[in-house]
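The values are calculated or read from the model by the stated rules, or taken from the named source; none is laboratory data. As the structure is a prediction and not an experimental result, all values here were calculated from the model. With ideal geometry, Cβ positions are generated from the backbone for all residues, glycine too; neighbour counts draw on all protein chains shown.
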Amino acid sequence: MIEIVTTGGTIDKVYFDANSEFEIGDSLVPELLAEANINDDYVITGLLRKDSLEMTDEDRERIATAVIASPHRWMLITHGTDTMVQTAQAITARMAEYKALEPTQNPDKTVVLLGSMQPARMRRSDAVFNLGFATAAVKLLPAGVYIAMNGEVFTAHSVHKNLKAQRFERL
């Protein structure tokens, strides 16, 4: 079973007017899974509803704690793209610390963070593709923390977001 943890970000943004005022709405993950015809067993956990630029170190710790506490081996985390790399790095570090302290208590997990450059509610969003790609990736990758965006998989320490090109790239 895959646990999908939602934290907000562009994937769940709702725009209200021409001035691009927005707020994070209810997660569209269930609808996106249906649209992508993904029928695997999954459970969805709503953890945060934040733009990633508003995420704090405490929020990242909360996400990492949720990963460690989860009974599931495979986890997807929806996240805003602006600070996705920092959160992936924080989860990687926290999992390493926990494994060193409790080597028999922490089974190996595969965690994949994903997001979208356009809200899922928009016609030309990359949300469905990124969710489908991340769902396949989480089941195929070895234990670790990854980012799945733009049809590629990156480790937390080998990627950056190219703001000008609006894509993730290897360092």
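If you filter region 65-94 down to residues that are within 12 Å of the chain's Cα centre (by Cα) and assigned to a helix (DSSP H, G or I), you find that the one that is nearest to residue 45 (Cα to Cα) is 67.
Close contacts from region 102-124, counting a first residue that is farther than 18 Å from residue 26 by Cα and assigned to a loop (DSSP other than H, G, I, E, B) and a second that is aromatic (Phe, Trp, Tyr) and at pLDDT 85 or above, with Cβ to Cβ under 6 Å and a gap of 6+ residues or different chains, come to 106/98. Considering only residues that are of a type in the set (Gly, Ala, Ser) and surrounded by 16 or more Cβ atoms within 10 Å (Cβ to Cβ), look in region 145-167 and name the one that is farthest from residue 12 (Cα to Cα). Here the answer is 156. Looking at 149, 117, just one residue is closer than 22 Å to residue 32 by Cα and modelled with pLDDT under 95, and that residue is 117. Among the residues of region 139-163, not one is outside any strand (DSSP E or B) and under 11 Å from the mean Cα position of the chain (by Cα).
All of (1) of a type outside the set (Ser, Thr, Tyr); (2) within 16 Å of residue 121 (Cα to Cα); (3) crowded, with 16+ Cβ neighbours inside 10 Å; (4) within 13 Å of the chain's Cα centre (by Cα) hold for residue 33 with one exception: (4). When you scan region 103-134, how many residues do you find that are surrounded by fewer than 22 Cβ atoms within 10 Å (Cβ to Cβ) and within 24 Å of residue 48 (Cβ to Cβ)? Number satisfying all stated conditions: 13. Within the set 100, 96, the sole residue that is among the small types (Gly, Ala, Ser), farther than 13 Å from residue 149 by Cβ, surrounded by fewer than 21 Cβ atoms within 10 Å (Cβ to Cβ) and at pLDDT 90 or above turns out to be 96. One residue is enough: does region 16-28 have a residue meeting the conditions within 15 Å of residue 134 (Cβ to Cβ) and at pLDDT below 95? Yes, some residue in region 16-28 is within 15 Å of residue 134 (Cβ to Cβ) and at pLDDT below 95.
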